[in-house]
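Step one of this worksheet: look at the structure below.
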Amino acid sequence: MSKSVLFALTSHAELGDTGRKTGAYAPEFAHPAVVFTENGYDIEFVSVRGGRAPLDGIKPDDAITQAFLNDPVIAEKLSNTPVAEALDPADYDVIYFAGGHGTMWDFPAASALANLAAEIYNHGGVVAAVCHGPSGLLGITLPDGSPLVQGQNVSSFTNEEEIAVGLDGVVPFLLEDSLTELGAKHQKAENFSVFAVTDTRLVTGQNPASAVEVARQAIDALAE
């Protein structure tokens with residue numbers, strides 16, 4: 001029986017008041033999807049509001065992302081993503097919160113998505129997230145009411161990286177700070193370097209470069 005990974009995507013397309021567009025950062029699910037597929041996983045998607053997910057980060061020289069998005073099956077799924085309420089958590093082994101700055105506006109308050117992730121985790125699945133995707137972890141609680149990230153080693157896009165890209169004054173909060181405030185033990189490496197960490201079936205990565213490593217660690221965490 002094949003396993004299934006559910007990529008959670010933002011539905012938010014506006015980068016604050018900058019007039020610039022944002023969305024789900026496509027390489028952060030396209031590149032790890034290749035790893036999951038090679039390991040026998042089915043690829044599915046969910047988004048906060050459903051429908052066509054807004055995408056960002058698509059570059060002409062990124063052949064992996066281009067090929068993934070041009071796959072007719074994937075293209076159809078991305079054009080009509082379901083909402084979390086429509087899904088059965090028992091159908092998924094891994095939920096992977098992809099990043100993109102849009103997540104900072106809609107992931108934290110996406111209670112149905114958080115509840116879906118909590119159910120996947122509670123039945124022995126893996127919760128994974130990369131870059132700004134860990135904003136989706138902020139609302140996930142365990143059965144005892146404690147935050148999923150409390151006491152856990154986690155990573156995310158760092159304060160220093162947000163400053164480096166000039167968006168620390170645009171995003172509604174700094175993700176590293178919010179995770180730390182919930183009791184997470186935030187881990188990080190040099191700006192924009194590959195870094196991911198696993199703690200109790202929770203796998204998180206620092207930035208886009210870490211997306212594939214998150215996938216690898218998520219597969220390993222599920223196998224343990």
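Residues checked against (1) out of contact with any Phe, Trp or Tyr (no Cβ under 6 Å at 6 or more places or on another chain); (2) within 23 Å of Asp220 (Cα to Cα); (3) among the small types (Gly, Ala, Ser):
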{"site": "Lys59", "(1), (2), (3)": "yes, no, no"}
{"site": "Asn80", "(1), (2), (3)": "yes, no, no"}
{"site": "Pro89", "(1), (2), (3)": "yes, yes, no"}
{"site": "Ala117", "(1), (2), (3)": "yes, yes, yes"}
{"site": "Ile140", "(1), (2), (3)": "yes, yes, no"}
{"site": "Pro147", "(1), (2), (3)": "yes, no, no"}
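Considering (1) out of contact with any helix residue (DSSP H, G or I) (no Cβ under 6 Å at 6 or more places or on another chain); (2) more than 20 Å from Ile58 (Cα to Cα); (3) open to solvent by 50 Å² or more (accessible area, probe 1.4 Å), the lone condition that Glu119 does not fulfil carries the number (1).
Screening the range 208-224 for residues that are over 14 Å from Phe97 (Cα atoms) and of a type in the set (Gly, Ala, Ser) and picking the one that is most open to solvent (accessible area, probe 1.4 Å) gives Ala223. Taking every residue in the range 34-54 that is among the charged types (D, E, K, R) and pairing it with any residue that is assigned to a helix (DSSP H, G or I), at least 6 positions away or on another chain, the pairs with Cβ-Cβ distances below 9 Å are Asp42/Phe36; Glu44/Lys77; Glu44/Asp91; Arg49/Asp106; Arg52/Leu78; Arg52/Ser79. Restricting Ser210, Ser193, Ser135 to residues that are of a type in the set (Ser, Thr, Tyr) and within 24 Å of Tyr41 (Cα to Cα) narrows the list to Ser210.
The rows are residues; the columns are (1) open to solvent by less than 50 Å² (accessible area, probe 1.4 Å); (2) touching a residue at least 60 places away in the same chain (Cβ under 8 Å).
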position: Gly133; (1), (2): yes, yes
position: Gly136; (1), (2): yes, yes
position: Ser156; (1), (2): yes, no
position: Glu160; (1), (2): no, no
position: Gly169; (1), (2): no, no
position: Asn191; (1), (2): no, no
position: Leu202; (1), (2): yes, yes
position: Gln206; (1), (2): yes, yes
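For the range 168-222, filtering for residues that are assigned to a helix (DSSP H, G or I), closer than 21 Å to Val94 by Cα and either β-branched (Val, Ile, Thr) or in contact with an Asp or Glu (Cβ under 7 Å, 6 or more places away or on another chain) (or both) leaves 6. Among the residues of the range 149-165, those identified as in contact with a helix residue (DSSP H, G or I) (Cβ under 7 Å, 6 or more places away or on another chain) and hydroxyl-bearing (Ser, Thr, Tyr) are Ser156, Thr158.
The values are calculated or read from the model by the stated rules, or taken from the named source; none is laboratory data. What you see is a predicted model; the values in this text were computed from it and never measured. Cβ coordinates were reconstructed from backbone atoms using ideal geometry, including for glycine residues, and neighbour counts include every protein chain displayed. All accessible areas refer to the heavy atoms of the entire protein, side chains included, with ligands and DNA or RNA removed. Shrake-Rupley method; radii C 1.70, N 1.55, O 1.52, S 1.80 Å.
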